[in-house]
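Data block below; observations after.
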Amino acid sequence: QVQLVESGGGLVQAGGSLRLSCESSGIARSINDMYWYRQAPGKQRELAARITSGGSTNYADSVKGRFTISRDNAKNMVFLQMNSLKPEDTAVYYCAADVVALWTVSAETTWGQGTQVTVSD
């Protein structure tokens, strides 16, 4: 069973940068798409960025041009480089991945526990 653990969150001033990391542990048949979601206080969880196993990426309009998602397939890790941070980026950021377990051919989404990002004015 695969588990995801995020790191790299913290407090940063507006205009600053942070780099989030997500490390997966455990054994799987494959890890397909990987994601960074975020949830601000009082709001629904939203997709910030997505990356396929082949490296294709998609971004929410609100982060496009400021955030960059990347992955290391050999280490089953995904990263989120966040630049030009704004107070409205404040949220809990969650790593997620579509994991195909050894005993199946279907992918299920696995979630990390989240890491807090706070951007001050």
Residues of the range 64-86 being within 14 Å of the chain's Cα centre (by Cα) and open to solvent by less than 70 Å² (accessible area, probe 1.4 Å), in sequence order, are Phe67, Ile69, Ser70, Arg71, Asp72, Asn76, Met77, Val78, Phe79, Leu80, Gln81, Met82
So, of the residues in the range 96-114 that are open to solvent by less than 20 Å² (accessible area, probe 1.4 Å) and in contact with a Ser or Thr (Cβ under 7 Å, 6 or more places away or on another chain), which turns out to be farthest from Ala28 (Cα to Cα)? Ala96
Within the range 66-95, of all residues that are among the hydroxyl-bearing types (Ser, Thr, Tyr) and in a strand (DSSP E or B), the one farthest from Ser24 (Cα to Cα) is Thr68
Tally time: how many residues in the range 87-110 are modelled with pLDDT under 95, of a type outside the set (Val, Ile, Thr) and more than 19 Å from Ile51 (Cβ to Cβ)? 4
Counting residues that are polar (S, T, N, Q) and open to solvent by less than 60 Å² (accessible area, probe 1.4 Å), which strands (runs of 3 or more DSSP E) fully inside the range 5-63 reach at least 2? 18-25, 30-39
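The values are calculated or read from the model by the stated rules, or taken from the named source; none is laboratory data. Keep in mind that what you see is a predicted model, and the values were worked out from it rather than measured. Virtual Cβ from ideal backbone geometry, glycine too; neighbours counted across all protein chains shown. Surface areas here come from the heavy atoms of the whole protein model, side chains and all, with no ligands, DNA or RNA. Shrake-Rupley method; radii C 1.70, N 1.55, O 1.52, S 1.80 Å.
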